[in-house]
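The structure appears right after this line, and notes come after that.
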Amino acid sequence: MFVSILWKLFIALLILSLIILIGFYFRGAFRDRIKYKVKNPLQPDDPEFPFVLASTTNSFISNGVITDFWNEAGDIQQARLDAIGQAKHTIDFETFFMTPGKRADDFAIALAEKAGSGVEVRLIVDTYGTKDISKQYWQRLRATGVKVSFFNSFNWKAPLDYAGRTHRKLLLIDGNFGLVGGAGISDLWDGKEKKDDTQPWLDVEMRLEGEIIRILTGVFSQHWTFEDCTANFAREKFQAADDKDNKHLMIVIPGANPTIRFSPIQNFKYNSFICARKRIWLASPYFLPDEHSINLLVEAKQKGVDVRILTTSKRSDKKPVYYASFEHYGKLLEGGVEIYEFQPSMTHAKLLLIDDMWATTGSANFDPRSFCHNEELDICSAQPELVKGIKETFEKGFAQSKRISYADWKKRSLIKHRILGNVVDFFQWQL
């Protein structure tokens, strides 16, 4: 009897495994990965560099000015509340992650006050990323006049579509200025929700003005799903900046409709690596490189480029992903790439610095979800204000990090890293 039950369980597991394997097969889990090879890559100081990079990644070229930059979690929350407080006509906000708590409550109070005074408030929130927020929260906001759109709700007619998320973080005020970064609306950023992570997170946000706001307004409108789909374009005319030396030029990388065959975010980052001549500093809380990106980083290091990775430690809010990330360190460390794990708390900053010339930040992580599934929003610019802010954030992060050695990596756990990490890594690349 017992043997019969075990046999039936074995058959059931075998059938389930076959179904899963077939599912992965049809999703293309075993396809060859695209490799980026560039003959005669442009150097970052070439005037054509931003235009070539933008054209190959379905990105937008615009002009704008960075008028503020923050790399403290508390400052980012306050900057958003202050921006909302300045609104006179419109507030457009798109975000991925929200959890119940003081930050979400303060956010709701600020929006409700503006909606009650006649300001048009529109929110795009990701269905999955805000699943912990109660229905009553949204009902109270709607009762004050706030319009709320949930991105990509589950549809039984196309269940696999639910894998796509909006991971963008974009706040637009009166069509005149905007805030772009990577932080969610959650007390996690204040170190208040996890016992092993009690310090504020490391993250960044920037304030933008100028013609780029028109582009960002269009980016927001891509996901606005109400019948009145008119965009809140700038109410003031901006004078185009004189950009002969690219000082005010900005690249907007929306990462829209990514696929494994073509990922704008992945394309942008990989080609940036190829073009770098002096420096590649990369920061991502969820760092899951594929073999090709590892090879690109190692090859850059072998050519004399200063290649450093800033990522999270075991304080990660997604520990299984951290174990998967750690599994990828080996070849990078052997190749001389420096890897730093931020110690005080979770680092959530997504940063890229190329040759002290081009700095990129926004919402995109260096992982398959940001590359192939999420709608993202990154901004790249050579403006000294952004380059300085991102370089200082890197230096702040490195100073509070543990540099991982190859000897450290070889001592990794069999269960957590080698087994669990590899399982998580496989599913992360497929889901």
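See the values below:
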quantity	calculated
Close pairs (7 angstrom Cβ cut-off, 6 or more residues apart or separate chains): touching a residue at least 12 places away in the same chain (Cβ under 8 Å) in the range 184-195, buried (at least 23 other Cβ atoms within 10 Å of the Cβ) and among the small types (Gly, Ala, Ser) anywhere	189/73; 189/183; 190/73; 191/345
Residue in the range 380-399 that is in contact with a helix residue (DSSP H, G or I) (Cβ under 9 Å, 6 or more places away or on another chain), assigned to a helix (DSSP H, G or I) and of a type in the set (Gly, Ala, Ser) present	no
Condition check for residue 208: of a type outside the set (Val, Ile, Thr) and touching a helix residue (DSSP H, G or I) at 6+ places or on another chain (Cβ under 8 Å)	yes
Odd one out for residue 192 among (1) surrounded by fewer than 23 Cβ atoms within 10 Å (Cβ to Cβ); (2) among the charged types (D, E, K, R); (3) at pLDDT 95 or above	(3)
In the range 102-119, the residues that are touching a residue at least 60 places away in the same chain (Cβ under 8 Å) and crowded, with 17+ Cβ neighbours inside 10 Å	103, 104, 107
Flag if residue 186 is farther than 17 Å from residue 221 by Cβ and under 18 Å from the mean Cα position of the chain (by Cα)	yes
Residues that are under 20 Å from the mean Cα position of the chain (by Cα) and surrounded by fewer than 21 Cβ atoms within 10 Å (Cβ to Cβ), drawn from the range 274-291	290
Residue that is modelled with the highest pLDDT, among those in the range 4-38 that are aliphatic (A, V, I, L, M) and within 30 Å of residue 273 (Cβ to Cβ)	38
Residue in the range 171-187 that is part of a helix (DSSP H, G or I) and either crowded, with 22+ Cβ neighbours inside 10 Å or at pLDDT below 85 (or both) present	no
Candidate set: the range 358-377, residues that are crowded, with 24+ Cβ neighbours inside 10 Å and in a helix (DSSP H, G or I); chosen: the one farthest from the chain's Cα centre (by Cα)	371
Residue satisfying all of: in the range 49-104; part of a loop (DSSP other than H, G, I, E, B) and of a type in the set (D, E, K, R); farthest from the chain's Cα centre (by Cα) among these	88
Matching residues in the range 206-234 - criterion: being modelled with pLDDT of 95 or more and either among the charged types (D, E, K, R) or in contact with a Ser or Thr (Cβ under 6 Å, 6 or more places away or on another chain) (or both)	207, 209, 211, 212, 214, 215
Residue within the range 242-251 that is farther than 16 Å from residue 49 by Cα, modelled with pLDDT under 90 and assigned to a loop (DSSP other than H, G, I, E, B) present	yes
Failed criterion for residue 95 (all others in (1) touching a residue at least 24 places away in the same chain (Cβ under 8 Å); (2) surrounded by fewer than 21 Cβ atoms within 10 Å (Cβ to Cβ); (3) of a type in the set (S, T, N, Q) hold)	(2)
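The values are calculated or read from the model by the stated rules, or taken from the named source; none is laboratory data. All values derive from a computational prediction rather than experimental measurement. With ideal geometry, Cβ positions are generated from the backbone for all residues, glycine too; neighbour counts draw on all protein chains shown.
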